[in-house]
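One structure is given below, encoded as structure tokens.
What follows is calculated from the coordinates using simple rules that are stated; it is not laboratory data. Not measured: the values here are computed from a predicted model. Heads up, the Cβs are rebuilt from the backbone with ideal geometry, glycines too, and the neighbour counts pull from every protein chain shown.
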Amino acid sequence: MHPNLAFRGESTARNLEFARARGFGVLAMAAQGAPLISHVPFLLNPAGDVVELHLVRSNPIVRLLAEPVPGRLVVSGPDSYVSPDWYGMEEQVPTWNYVAVHLVGRLELRPQEEMRGLLDRLSAEFEGRLSPKVRWVADKMQPEGLERMMRMIVPCRFRIEDVQGTWKLGQNKPDAARMGAAEALEKAGTGAEVAALAALMRAVS
């Protein structure tokens, strides 16, 4: 998380709403040597204290889960390089604006019997976002094929203990400078979802 408190003023509720809407993040777990990393789709419950996800059984993280272990789920949003020329101010330096939410907690392995229910909830959530598409459901698969695939993955639960967010949107700049940067960024930014980032920059109060 960025150390400047100007970028960390969003509420826990908004950080959780952002993470829930994204539904995809980077799971980081401590290990000997470099941390273990997995990119995972997930479901965040309405209370905002539990994430459900699954991992491939052969994932090295699974071998850590003899008991719940601490970890961090990083959820990234729009981002872009910001040229100092865009502010219309002297003595500025290049930077990068972005949104990121970190969910800190403990990951635990769940009983394999929970895998089908988790698969159904995940597919229902993300298929539902494709409306008016007819939703894919697991029952479209042959039972033998579905069982074979489910044996390759394991259900996990991540219990959230802390929520941290960075919304680096130029809050430390005068309004006119931030608006100018947002306009230029939307036209020529380099990053991901630059139009969404520009909209967030304009919405800063």
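Overview of values
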quantity: Top positive-direction residue, dipole computed over the range 5-203 with Cβ charges, set 166, 182, 105; calculated: 105
quantity: Only Lys, Arg (+1) and Asp, Glu (-1) charged, at Cβ; the range 100-149 dipole about Cα centre in debye; calculated: 240
quantity: Student exercise, the chain dipole from Lys, Arg, Asp, Glu Cβ charges, in Debye to nearest 20; calculated: 400
quantity: Ranked list, fewest to most other Cβ atoms within 10 Å of each Cβ, for 99, 82, 163; calculated: 163, 99, 82
quantity: Gaussian network model of the chain, springs between alpha carbon atoms under 10 Å - residue of 28, 19, 188 with greatest fluctuation; calculated: 188
quantity: Correct choice for percent of Cα pairs over 25 Å apart that was computed from the model, options (1) 48; (2) 42; (3) 38; calculated: (1)
quantity: Trypsin sites (Lys or Arg not before Pro) within the range 8-58: DSSP coil, no more than 14 neighbouring Cβ in 10 Å; calculated: 57
quantity: Qualifying GluC sites (Glu not before Pro) for the range 19-97 [loop in DSSP, other Cβ within 10 Å: at most 14]; calculated: 90, 91
quantity: Shape of the range 70-135, Cα gyration tensor, a/c cut at 1.5; calculated: oblate
quantity: Cut-off under 5 Å, modelled amide H: who pairs with residue 65 long-range; calculated: none
quantity: Point-charge dipole on Cβ atoms (K/R +1, D/E -1) for the range 132-205, about Cα centre, debye to 20; calculated: 100
quantity: Total formal charge among the other residues, if their Cβ is under 15 angstrom from that of residue 133, Lys/Arg +1 and Asp/Glu -1; calculated: +1
quantity: Exposure proxy order (Cβ contacts within 10 Å, fewest to most) of 53, 65; calculated: 65, 53
quantity: Cut-off 14 Å between beta-carbons: net charge of the residues surrounding residue 162, Lys and Arg +1, Asp and Glu -1; calculated: +2
quantity: The chain: most fluctuating residue of 134, 194, 40 per GNM, C-alpha cutoff 10 Å; calculated: 134
quantity: Among 189, 128, 33, residue whose mean-square fluctuation peaks in a GNM of the chain (springs only between Cα atoms under 10 Å); calculated: 33
quantity: Residue (of 40, 77, 203) at the positive-pole extreme of the chain, dipole from beta-carbon charges; calculated: 40
quantity: Cβ-based exposure ranking for 80, 11, 38, in which fewest neighbours within 10 Å come first; calculated: 11, 38, 80
